[in-house]
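Here is the structure we will look at.
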Amino acid sequence: MYKLLHFFSFFFLIVITGVSGVTRAQNISPPAPFEAEYSLYTKGTKVARVNRRLVKLDDDRYEYRSETRTTGLAALISKVRIIETSILIFQGEVLRSEYYSYARSGDKKKRDVSIEFNRQTKKIKNTLNGDFWPMPTAPTVMDKLLYQLAIMHDLKNGRTPVSYLIADRKGIKTYNFEKLGEEIVKTPLGNYNSIKILRHKPGSNRKSIFWCAPELDFLPIKVEHTEKDGSTTRAVIKSLQGINPHFPPGDAG
(Lines give C-alpha, C1' and ligand atoms only; values in the text may rest on other atoms or scores of the structure.)
Protein backbone atom coordinates (compact mmCIF):
# COMPACT_ATOMS: atom_id res chain seq x y z
CA MET A 1 0.00 0.00 0.00
CA TYR A 2 2.85 2.41 0.79
CA LYS A 3 4.23 2.20 -2.78
CA LEU A 4 0.77 3.11 -4.03
CA LEU A 5 0.50 6.02 -1.61
CA HIS A 6 3.89 7.20 -2.82
CA PHE A 7 2.71 7.03 -6.43
CA PHE A 8 -0.54 8.87 -5.81
CA SER A 9 1.23 11.65 -4.01
CA PHE A 10 2.56 12.20 -7.57
CA PHE A 11 -0.50 11.27 -9.61
CA PHE A 12 -2.14 13.71 -11.04
CA LEU A 13 2.84 16.88 -21.21
CA ILE A 14 4.38 19.20 -24.21
CA VAL A 15 5.57 18.21 -27.50
CA ILE A 16 4.18 17.49 -30.89
CA THR A 17 7.28 15.57 -31.88
CA GLY A 18 10.23 14.48 -29.78
CA VAL A 19 10.67 15.09 -26.05
CA SER A 20 9.74 18.41 -24.49
CA GLY A 21 8.67 19.86 -21.17
CA VAL A 22 7.01 23.03 -22.44
CA THR A 23 3.95 24.04 -24.43
CA ARG A 24 4.56 26.20 -27.44
CA ALA A 25 1.49 27.93 -28.76
CA GLN A 26 0.09 31.43 -29.13
CA ASN A 27 -2.41 33.20 -26.85
CA ILE A 28 -1.98 30.72 -24.01
CA SER A 29 -3.39 31.93 -20.69
CA PRO A 30 -1.82 31.10 -17.30
CA PRO A 31 -3.40 28.33 -15.19
CA ALA A 32 -6.33 29.27 -12.95
CA PRO A 33 -6.03 28.64 -9.17
CA PHE A 34 -8.12 25.75 -7.82
CA GLU A 35 -8.41 23.23 -4.99
CA ALA A 36 -9.49 19.60 -5.45
CA GLU A 37 -9.82 16.63 -3.12
CA TYR A 38 -9.70 12.97 -4.12
CA SER A 39 -10.52 9.68 -2.41
CA LEU A 40 -7.93 6.94 -2.86
CA TYR A 41 -9.00 3.28 -3.01
CA THR A 42 -7.19 -0.04 -3.13
CA LYS A 43 -9.02 -3.37 -3.36
CA GLY A 44 -12.29 -1.45 -3.07
CA THR A 45 -11.36 0.10 0.28
CA LYS A 46 -10.73 3.77 0.87
CA VAL A 47 -7.20 4.15 2.25
CA ALA A 48 -6.35 7.84 1.86
CA ARG A 49 -7.42 11.28 0.76
CA VAL A 50 -5.44 13.53 -1.57
CA ASN A 51 -5.73 17.32 -1.61
CA ARG A 52 -4.42 19.31 -4.58
CA ARG A 53 -4.17 23.12 -4.52
CA LEU A 54 -2.82 25.68 -7.00
CA VAL A 55 -2.19 29.15 -5.55
CA LYS A 56 -0.93 32.25 -7.37
CA LEU A 57 2.00 33.86 -5.52
CA ASP A 58 2.55 36.92 -7.71
CA ASP A 59 2.29 37.96 -11.37
CA ASP A 60 3.85 34.83 -12.87
CA ARG A 61 4.76 32.53 -9.94
CA TYR A 62 2.57 29.79 -8.49
CA GLU A 63 2.64 27.16 -5.79
CA TYR A 64 1.21 23.75 -6.61
CA ARG A 65 0.78 21.64 -3.48
CA SER A 66 -0.33 18.05 -2.88
CA GLU A 67 -1.07 16.44 0.47
CA THR A 68 -1.87 12.74 0.94
CA ARG A 69 -3.07 11.30 4.27
CA THR A 70 -4.12 7.78 5.18
CA THR A 71 -7.70 7.47 6.45
CA GLY A 72 -9.98 4.86 8.03
CA LEU A 73 -8.47 1.46 8.84
CA ALA A 74 -5.28 2.35 6.97
CA ALA A 75 -4.71 5.26 9.37
CA LEU A 76 -5.08 2.90 12.33
CA ILE A 77 -2.15 0.88 10.97
CA SER A 78 0.02 3.85 10.01
CA LYS A 79 -0.69 7.59 9.89
CA VAL A 80 1.23 8.31 6.69
CA ARG A 81 1.40 11.91 5.50
CA ILE A 82 3.03 12.95 2.21
CA ILE A 83 3.39 16.59 1.18
CA GLU A 84 4.70 17.66 -2.22
CA THR A 85 5.23 21.26 -3.29
CA SER A 86 6.20 22.71 -6.66
CA ILE A 87 7.10 26.37 -7.04
CA LEU A 88 6.69 27.21 -10.70
CA ILE A 89 6.80 30.16 -13.02
CA PHE A 90 4.57 30.84 -16.03
CA GLN A 91 7.15 32.22 -18.43
CA GLY A 92 6.79 32.79 -22.14
CA GLU A 93 3.57 30.73 -22.17
CA VAL A 94 5.27 27.72 -20.54
CA LEU A 95 5.38 26.23 -17.05
CA ARG A 96 8.87 26.04 -15.55
CA SER A 97 9.97 24.39 -12.30
CA GLU A 98 11.86 26.56 -9.80
CA TYR A 99 11.75 24.41 -6.67
CA TYR A 100 10.30 21.04 -5.65
CA SER A 101 10.01 19.37 -2.26
CA TYR A 102 8.74 16.03 -0.99
CA ALA A 103 8.24 15.15 2.68
CA ARG A 104 6.96 11.83 4.05
CA SER A 105 6.22 11.18 7.72
CA GLY A 106 4.23 8.84 9.93
CA ASP A 107 6.06 5.57 9.24
CA LYS A 108 9.54 4.07 8.94
CA LYS A 109 9.94 5.45 5.40
CA LYS A 110 10.38 9.04 6.53
CA ARG A 111 12.00 11.07 3.77
CA ASP A 112 12.76 14.70 2.91
CA VAL A 113 13.67 15.56 -0.68
CA SER A 114 14.18 18.89 -2.41
CA ILE A 115 15.22 19.86 -5.94
CA GLU A 116 16.36 23.37 -6.88
CA PHE A 117 16.32 24.34 -10.57
CA ASN A 118 18.93 26.93 -11.55
CA ARG A 119 18.23 27.96 -15.15
CA GLN A 120 21.24 30.29 -15.31
CA THR A 121 23.85 27.67 -14.39
CA LYS A 122 21.82 24.87 -16.03
CA LYS A 123 22.19 22.81 -12.87
CA ILE A 124 19.83 21.00 -10.52
CA LYS A 125 20.62 20.67 -6.83
CA ASN A 126 19.20 17.46 -5.34
CA THR A 127 18.91 17.13 -1.55
CA LEU A 128 17.90 13.90 0.22
CA ASN A 129 17.73 13.84 4.03
CA GLY A 130 20.43 16.50 4.25
CA ASP A 131 22.80 15.11 1.60
CA PHE A 132 22.98 16.97 -1.70
CA TRP A 133 24.55 16.62 -5.16
CA PRO A 134 24.39 18.57 -8.46
CA MET A 135 22.95 17.35 -11.73
CA PRO A 136 22.85 18.95 -15.20
CA THR A 137 19.48 20.10 -16.51
CA ALA A 138 17.79 21.53 -19.60
CA PRO A 139 15.05 24.16 -20.14
CA THR A 140 12.41 21.49 -20.72
CA VAL A 141 13.01 19.52 -17.49
CA MET A 142 10.25 19.74 -14.88
CA ASP A 143 9.55 18.18 -11.50
CA LYS A 144 7.39 15.19 -10.60
CA LEU A 145 4.46 17.29 -9.40
CA LEU A 146 4.47 20.00 -12.06
CA TYR A 147 4.09 17.55 -14.95
CA GLN A 148 0.66 16.64 -13.61
CA LEU A 149 -0.43 20.28 -13.81
CA ALA A 150 1.16 20.44 -17.27
CA ILE A 151 -1.24 17.71 -18.41
CA MET A 152 -4.13 20.11 -17.78
CA HIS A 153 -2.28 23.08 -19.25
CA ASP A 154 -1.41 21.32 -22.50
CA LEU A 155 -4.74 19.63 -23.10
CA LYS A 156 -6.55 22.91 -22.41
CA ASN A 157 -4.43 24.57 -25.10
CA GLY A 158 -4.85 21.87 -27.73
CA ARG A 159 -1.64 19.90 -27.14
CA THR A 160 -1.71 16.12 -26.87
CA PRO A 161 0.78 14.76 -24.29
CA VAL A 162 3.59 12.69 -25.78
CA SER A 163 6.54 12.76 -23.37
CA TYR A 164 8.19 14.83 -20.63
CA LEU A 165 11.64 15.10 -19.13
CA ILE A 166 11.35 14.74 -15.34
CA ALA A 167 13.98 15.49 -12.69
CA ASP A 168 14.42 12.55 -10.33
CA ARG A 169 16.98 12.06 -7.58
CA LYS A 170 18.61 9.37 -9.76
CA GLY A 171 18.74 11.51 -12.90
CA ILE A 172 16.56 12.80 -15.73
CA LYS A 173 13.79 10.41 -16.74
CA THR A 174 11.45 10.37 -19.72
CA TYR A 175 7.72 9.93 -19.05
CA ASN A 176 5.85 8.65 -22.13
CA PHE A 177 2.13 9.17 -22.77
CA GLU A 178 -0.53 7.96 -25.16
CA LYS A 179 -4.09 9.11 -25.79
CA LEU A 180 -6.54 6.20 -25.43
CA GLY A 181 -9.75 7.95 -26.45
CA GLU A 182 -12.73 9.32 -24.54
CA GLU A 183 -14.97 7.94 -21.81
CA ILE A 184 -17.76 9.15 -19.51
CA VAL A 185 -16.74 8.88 -15.85
CA LYS A 186 -19.15 8.77 -12.91
CA THR A 187 -17.94 10.78 -9.89
CA PRO A 188 -19.49 12.22 -6.70
CA LEU A 189 -19.59 15.57 -8.55
CA GLY A 190 -21.53 14.15 -11.50
CA ASN A 191 -20.85 12.30 -14.74
CA TYR A 192 -18.23 13.89 -16.98
CA ASN A 193 -16.90 13.15 -20.42
CA SER A 194 -13.13 12.68 -20.23
CA ILE A 195 -10.02 12.19 -22.32
CA LYS A 196 -8.01 9.10 -21.30
CA ILE A 197 -4.25 9.54 -21.14
CA LEU A 198 -1.98 6.54 -20.55
CA ARG A 199 1.44 6.87 -18.93
CA HIS A 200 3.56 3.81 -19.62
CA LYS A 201 7.12 2.55 -19.62
CA PRO A 202 8.25 0.31 -22.49
CA GLY A 203 8.86 -3.25 -21.29
CA SER A 204 7.11 -2.75 -17.95
CA ASN A 205 3.69 -3.87 -16.71
CA ARG A 206 3.36 -0.74 -14.59
CA LYS A 207 1.00 1.85 -16.04
CA SER A 208 -1.16 4.81 -15.07
CA ILE A 209 -4.31 6.13 -16.70
CA PHE A 210 -5.59 9.69 -16.24
CA TRP A 211 -9.19 10.66 -17.05
CA CYS A 212 -9.15 14.42 -17.76
CA ALA A 213 -12.45 16.33 -18.00
CA PRO A 214 -12.68 19.09 -20.66
CA GLU A 215 -15.58 20.67 -18.73
CA LEU A 216 -13.22 21.20 -15.78
CA ASP A 217 -10.21 22.63 -17.65
CA PHE A 218 -9.00 19.03 -18.19
CA LEU A 219 -8.55 18.41 -14.47
CA PRO A 220 -7.96 14.68 -13.80
CA ILE A 221 -11.17 13.40 -12.24
CA LYS A 222 -10.00 9.80 -11.98
CA VAL A 223 -6.58 8.12 -11.95
CA GLU A 224 -5.70 4.42 -11.92
CA HIS A 225 -2.26 2.99 -11.26
CA THR A 226 -1.36 -0.65 -11.93
CA GLU A 227 1.73 -2.16 -10.30
CA LYS A 228 3.97 -4.89 -11.73
CA ASP A 229 2.03 -7.57 -9.83
CA GLY A 230 -1.27 -6.41 -11.33
CA SER A 231 -2.59 -4.69 -8.20
CA THR A 232 -4.54 -1.51 -8.94
CA THR A 233 -5.18 1.64 -6.98
CA ARG A 234 -7.80 4.20 -7.98
CA ALA A 235 -8.29 7.88 -7.11
CA VAL A 236 -11.63 9.65 -7.74
CA ILE A 237 -12.39 13.34 -7.33
CA LYS A 238 -14.55 14.18 -4.31
CA SER A 239 -14.75 17.99 -4.24
CA LEU A 240 -13.59 20.95 -6.32
CA GLN A 241 -13.31 24.71 -5.86
CA GLY A 242 -12.13 27.39 -8.29
CA ILE A 243 -13.10 25.63 -11.53
CA ASN A 244 -16.71 25.74 -12.69
CA PRO A 245 -18.03 23.39 -15.39
CA HIS A 246 -18.09 25.04 -18.82
CA PHE A 247 -21.32 23.17 -19.59
CA PRO A 248 -23.50 20.61 -17.75
CA PRO A 249 -21.86 17.27 -16.82
CA GLY A 250 -22.24 14.40 -19.26
CA ASP A 251 -24.75 11.62 -18.83
CA ALA A 252 -23.43 8.08 -18.42
CA GLY A 253 -26.77 6.68 -19.46
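The values are calculated or read from the model by the stated rules, or taken from the named source; none is laboratory data. It should be emphasised that the depicted structure is a prediction, and the values quoted were computed from it without experimental measurement. Here the Cβ positions follow ideal geometry from the backbone for every residue, glycine too, while neighbour counts run over all protein chains shown.
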Say we look at the range 232-253 and pick out the residues that are assigned to a loop (DSSP other than H, G, I, E, B) and at pLDDT 90 or above; which of these is farthest from W211 (Cα to Cα)?
G242
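Do we have I184 as β-branched (V, I, T), modelled with pLDDT of 90 or more and touching a Gly at 6+ places or on another chain (Cβ under 9 Å) here?
It is true that I184 is β-branched (V, I, T), modelled with pLDDT of 90 or more and touching a Gly at 6+ places or on another chain (Cβ under 9 Å).
Return yes when P139 is within 16 Å of the chain's Cα centre (by Cα) and not in a strand (DSSP E or B) and no when it is not.
Against the criterion (within 16 Å of the chain's Cα centre (by Cα) and not in a strand (DSSP E or B)), P139 does not qualify.
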For the range 27-61, which residues satisfy the criterion of being aromatic (F, W, Y) and closer than 15 Å to I243 by Cβ?
F34, Y38
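Let's see how each residue does on (1) under 22 Å from N205 (Cα atoms); (2) touching a Ser or Thr at 6+ places or on another chain (Cβ under 9 Å):
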{"position": "R119", "(1), (2)": "no, yes"}
{"position": "I124", "(1), (2)": "no, yes"}
{"position": "N129", "(1), (2)": "no, no"}
{"position": "F132", "(1), (2)": "no, yes"}
{"position": "P136", "(1), (2)": "no, no"}
{"position": "D143", "(1), (2)": "no, yes"}
{"position": "A150", "(1), (2)": "no, yes"}
{"position": "D154", "(1), (2)": "no, yes"}
{"position": "Y164", "(1), (2)": "yes, yes"}
It is to be established whether one or more residues within the range 161-178 are of a type in the set (K, R), under 30 Å from E116 (Cα atoms), touching a strand residue (DSSP E or B) at 6+ places or on another chain (Cβ under 6 Å) and assigned to a strand (DSSP E or B).
yes
So, of the residues in the range 38-90 that are in a strand (DSSP E or B) and small (G, A, S), which turns out to be surrounded by the fewest Cβ atoms within 10 Å (Cβ to Cβ)?
S39
Residues of the range 197-231 being modelled with pLDDT under 95, surrounded by 20 or more Cβ atoms within 10 Å (Cβ to Cβ) and among the small types (G, A, S), which ones?
S208
Between residues in the range 204-226 that are of a type in the set (S, T, Y) and residues that are surrounded by 20 or more Cβ atoms within 10 Å (Cβ to Cβ) and part of a strand (DSSP E or B), which pairs lie under 8 Å by C-beta distance while being six or more apart or on different chains?
S208/R199; S208/V223; S208/H225; T226/S208
Go through the range 101-143 and give me each residue that's modelled with pLDDT of 90 or more, closer than 18 Å to I82 by Cα and surrounded by fewer than 22 Cβ atoms within 10 Å (Cβ to Cβ).
S101, A103, R104, S105, D112, V113, S114
In the range 20-37, how many residues are modelled with pLDDT under 50 and crowded, with 17+ Cβ neighbours inside 10 Å?
4
List the number of the failed condition for S194; all other conditions in (1) under 15 Å from the mean Cα position of the chain (by Cα); (2) crowded, with 19+ Cβ neighbours inside 10 Å hold.
(1)
